[in-house]
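The values are calculated or read from the model by the stated rules, or taken from the named source; none is laboratory data. Since we're looking at a predicted model, the values are computed, not measured. Cβ coordinates were reconstructed from backbone atoms using ideal geometry, including for glycine residues, and neighbour counts include every protein chain displayed. The protein model used for the area step is the full one, side chains on, heavy atoms only, and it has no ligands, DNA or RNA in it. Shrake-Rupley method; radii C 1.70, N 1.55, O 1.52, S 1.80 Å.
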Amino acid sequence: MEEESDTRKINNSFLREHNYATEADIISTVEFNSSGELLATGDKGGRVVVFQREQESKSQPQRRGEYNVYSTFQSHEPEFDYLKSLEIEEKINKIKWLPQQNAAYFLLSTNDKTVKLWKISERDKRPEGYNLKDDDGRIRDPSTITSLRVPVLQPMDLMVEATARRVFSNAHMYHINSISVNSDYQTYISTDDLRVNLWNLEITDRSFNIVDIKPANMEELTEVITSAEFHPQQCHTFAYSSSKGSIRLCDMREAALCDKHCKYFEEPEDPSTRSFFSEIISSISDVKFSHNGRYLMTRDYLTVKVWDLQMENKPLETYQVHDYLRGKLCSLYENDCIFDKFECVWNGSDSVIMTGSYNNFFRMFDRNTKRDVTLEASRENSKPRAILKPRKVCVGGKRRKDEISVDSLDFSKKILHTTWHPHENIIAVAATNNLYIFQDKVN
């Protein structure tokens, strides 16, 4: 974030608009790959759409930032669990990219129960000149073959194929809320409400249960796991967050079952602010390690907190995302918005953090200058290459011309899912069924 962050110029380089708004089209996850050249989105209809960044051309250098559809495929289908008489939604809960090893790309996608490993590859040649069949595929009569031909590869139009290489299933009793790839690139974890499972990417028929918080008597259950992530450098360390507002750091070298944490991060509650909603709003919806591995960022309903891994008793930084909603918790409880799960992301240098809010607003906080800005992702003010203007929410009193009243916020328009390019100031923001991609204004 630049010094003049209040008038921050963010160029909307691309806006993909769809004029349908069925439930299936609502975007449920967004994720850049490690180079930032590809961006994947998953939706409630079980589809994955992969966007690829335009290559720079001398004639149109300004098009470099644009992302266009590269591949679309159906990742998950609706299923039915006959033993429990439960429908299993096809909605994609999370997508995680694997680092690129060859010309193909690999990603993990998960719904509530099943994780799949997808390979996305290009084909621009096809074999021709078979001896035993015609070019249209019909089998030839061997008695009519008088000479042998050597098959050759002929150029064809580029085709992008997505194939499911692995299916990791039957390991979760409860709904999967997160997946995280290990820095060894051989294993990953999948997390549901009560358990964390460790998988090898090559082995689909078994996983190792490394965290299990299920009590013997389910009536004694006091908290659930809400998110988990591997440390970016230490392959034996991972963190998981809970609905009680705590984060546990675990070391897999200590024991096969990490039921004892090595670090426990929790901020003591202020008794003066305790209310009926305190426990609900303290539930952590997302946990993310910084790229350098020194900090943890957590998002609860009203705040984003940054924790130093060396300091467990209180967060290093706390940022108010939408404190003006504190007086509206009762109505947010009644319309179920208080249970919304917002994600948070770091920029490539860990100096700025971003998270979503209501009314299609999203927030950015500069950790160095302590400045923050509210921006809006909406069709009305997001024509391609338009500059975003900072927004302000007014609570009571006299409202200025450019401010919006807290009473007129639209709680059905919410930004739950955001992602930041790993190296550049390019962000992707999912607002219901629209994907917005913004980049720094290039002078």
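Annotations for the structure displayed:
- In region 313-336, the residues that are without any contact (Cβ under 8 Å) to a residue 40 or more places away in the chain reach residues that are in a helix (DSSP H, G or I) and hydroxyl-bearing (Ser, Thr, Tyr) with C-beta atoms within less than 9 angstrom, at least six apart or across chains, in these pairs: 326/273.
- When residues of region 214-223 are limited to those that are in a helix (DSSP H, G or I) and open to solvent by 100 Å² or more (accessible area, probe 1.4 Å), the one farthest from residue 238 (Cα to Cα): 219
- Residue check: residue 73 meets all listed conditions (1) under 17 Å from the mean Cα position of the chain (by Cα); (2) closer than 18 Å to residue 161 by Cα but one, namely (1).
Listed here are the residues, each with its yes/no results for (1) under 24 Å from residue 291 (Cβ atoms); (2) in contact with a Ser or Thr (Cβ under 8 Å, 6 or more places away or on another chain).
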position: 354; (1), (2): yes, yes
position: 375; (1), (2): yes, no
position: 399; (1), (2): no, yes
position: 420; (1), (2): yes, no
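- Among the residues examined, residue 15 qualifies as modelled with pLDDT under 85, touching a Phe, Trp or Tyr at 6+ places or on another chain (Cβ under 8 Å) and surrounded by fewer than 20 Cβ atoms within 10 Å (Cβ to Cβ).
- Matching option when the condition is at pLDDT below 95 and either within 23 Å of residue 342 (Cβ to Cβ) or more than 14 Å from the chain's Cα centre (by Cα) (or both), among 57, 28, 34: 57
- Residues considered: 204, 237, 226. Of these, the only one that is over 22 Å from residue 312 (Cα atoms) and among the β-branched types (Val, Ile, Thr) is 204.
- Residues in region 117-141 that are in a strand (DSSP E or B) and open to solvent by less than 40 Å² (accessible area, probe 1.4 Å) were compared, and the one that is modelled with the lowest pLDDT is 121.
- Counting only strands (runs of 3 or more DSSP E) that sit completely within region 142-203, those holding 3 or more residues that are loosely packed, with under 14 Cβ neighbours inside 10 Å and over 23 Å from the mean Cα position of the chain (by Cα) correspond to 152-168.
- Note on region 65-89: among residues that are in a loop (DSSP other than H, G, I, E, B) and among the charged types (D, E, K, R), the one that is farthest from residue 113 (Cα to Cα) is 66.
- Subset of region 270-320 that is assigned to a helix (DSSP H, G or I) and open to solvent by 20 Å² or more (accessible area, probe 1.4 Å) - its residue that is farthest from residue 246 (Cα to Cα): 272
- Output for region 378-403, where each listed residue is under 21 Å from residue 319 (Cα atoms) and among the aliphatic types (A, V, I, L, M): 393, 395
- For region 73-113, taking the residues that are farther than 22 Å from residue 341 by Cα and among the small types (Gly, Ala, Ser), the one that is surrounded by the most Cβ atoms within 10 Å (Cβ to Cβ) is identified as 75.
- Test: residue 241 is outside any loop (DSSP other than H, G, I, E, B), among the hydroxyl-bearing types (Ser, Thr, Tyr) and touching a residue at least 24 places away in the same chain (Cβ under 8 Å): yes
- Flag for residue 314 being touching a Ser or Thr at 6+ places or on another chain (Cβ under 6 Å) and more than 21 Å from residue 376 (Cβ to Cβ): no
- Residue 329 being surrounded by 17 or more Cβ atoms within 10 Å (Cβ to Cβ), at pLDDT 90 or above and not in a strand (DSSP E or B): yes
- Residues located in region 244-276, provided they are among the hydroxyl-bearing types (Ser, Thr, Tyr) and either touching a helix residue (DSSP H, G or I) at 6+ places or on another chain (Cβ under 8 Å) or within 19 Å of residue 182 (Cα to Cα) (or both): 275
- Just one of the listed residues (370, 392) is open to solvent by 30 Å² or more (accessible area, probe 1.4 Å) and touching a Ser or Thr at 6+ places or on another chain (Cβ under 8 Å), namely 392.
- Meets criteria (crowded, with 18+ Cβ neighbours inside 10 Å and over 21 Å from the mean Cα position of the chain (by Cα)) for residue 211: yes
- Filtering region 395-424 to residues that are assigned to a loop (DSSP other than H, G, I, E, B) and surrounded by 18 or more Cβ atoms within 10 Å (Cβ to Cβ) leaves 409, 415, 416, 421.
- Selection over region 165-195 of residues that are in contact with a Cys (Cβ under 8 Å, 6 or more places away or on another chain) and not hydroxyl-bearing (Ser, Thr, Tyr) gives a count of 2.
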